[in-house]
1. Give me the mean projected area, in nm² to one decimal, of the convex hull enclosing the Cα positions of the chain.
2. Residue by residue through the range 211-216, what is 3J(HN,Hα) from phi via Karplus (6.51 cos²θ - 1.76 cosθ + 1.60, θ = phi - 60°)? Round to whole Hz and write x for glycine and proline.
3. Taking the Cα centre as origin and putting +1 on Lys and Arg beta-carbons and -1 on Asp and Glu beta-carbons, what dipole magnitude results for the chain, to the nearest 20 debye?
4. Measure out, as a whole number of angstrom, how far apart the alpha-carbon centroids of the range 130-149 and the range 2-58 sit.
5. Using +1 at the Cβ of each Lys and Arg and -1 at the Cβ of each Asp and Glu in the chain, identify which of Gly179, Pro123, Ala239 lies farthest towards the dipole's positive end.
6. Quick test of your reading: applying the under-4.7 Å Cβ rule, which cysteines of the chain are isolated?
7. Just for the chain, what percent of DSSP beta bridges are antiparallel, to the closest 5?
8. Expected output is a single nm value to one decimal: the length gained when fully extending between Ile107 and Ala263, i.e. 0.36 nm times separation in residues minus the C-alpha distance. What is it?
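Please treat every number below as a calculation from the coordinates, not as lab data. No experiment lies behind these values; they were computed from the predicted model shown. Reconstructed Cβ throughout: ideal geometry from the backbone, glycine too, with neighbour counts over all protein chains shown.
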Amino acid sequence: MRGTIITRFAPSPTGPLHLGHAFSAIQAHDCARQEGGTFVLRIEDIDGGRSRPEHVQGIFDDFGWLGLSWDGPVMRQSERLDAYAAALDRLREAGLLYPCFCTRADIAASLSAPHGIGGTVYPGTCRALDATVRSSRMANEPHAWRIDIARAVAAAGQGDLFWQDELAGAVVADPWALGDVVLARKDAPASYHLAVTVDDAAQGVTHIVRGRDLFEATHVHRLLQELLGLPVPVYRHHALLTDAAGNRLAKRNGAPTLASLHAAGQDGPALADMLRRGQAPPGFALPPP
Ligand code: GLU
């Protein structure tokens, strides 16, 4: 229904935006604008160690250059810690979380670590700790909080969890695909999975338009929505803009930043129009949706 759609763009200010971000932001922006809906901006600065104020300012500048506007106040994850703590408490009280003391090296060294869609699936080492060992380690060691997927799936109830994807159709969520993911990190009070799910609901987002690289994450987000009693948005996981050889854009691969294109005198709104017509600038490629 006209006017009821809410979409969002949710960048992490850990580096400057590149053309792939612009393509994603334009899709989410236009999805709302075409329906007379609302488009919100959320700064995903939960990772205090990697987020930088200059990149937040860069996002605002890039939006101005591209001719994109957002509605209402900008949400910042760094100001939402109470909301994440409340969600974690709820899951912890339901017995669905456990503290994890493992380092990345511990997990990589585990011979039993199985592989899932997103890489190594946590082998469950800390899930099996007995209560006494767990509480003495909690008093002395930094720890993350992981979701116990088996318990969480049981708590979510009978039957499959679905989401509606505008491009992929009806998708049955597979919460097992990513294993016992981290919901609160040792070095950050919430993980991406928890913060994004809580915030999309808090901002009333009805349509999540984001890159296909995040498709698998939705398996977990759909489970968290169920456990936390949150509404289920419609998703559109769009194809990713690539370089001419088909490689995903990333700063480390030398993708030009929007700021550098701006500084070189490119016309922002003309570039945005090109991307919205589904055309890639010279040297880039856009696979069909
Ligand atoms: N903050 C995430 C990123 O920059 C995107 C989150 C999302 O769209 O769900 O990759």
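1. 16.3
2. Each residue's phi maps through the Karplus curve to give x, 5, 5, 9, 4, 5 Hz.
3. With Lys and Arg at +1 and Asp and Glu at -1, about 280 debye.
4. That distance is 35 Å.
5. Working it through, the farthest residue towards the positive pole turns out to be Pro123.
6. Cys31, Cys102
7. Just about 55 percent of them are antiparallel.
8. Values: separation 156, 0.36 × 156 = 56.16 nm, distance 4.37 nm.
Full extension from Ile107 to Ala263 adds 51.8 nm.
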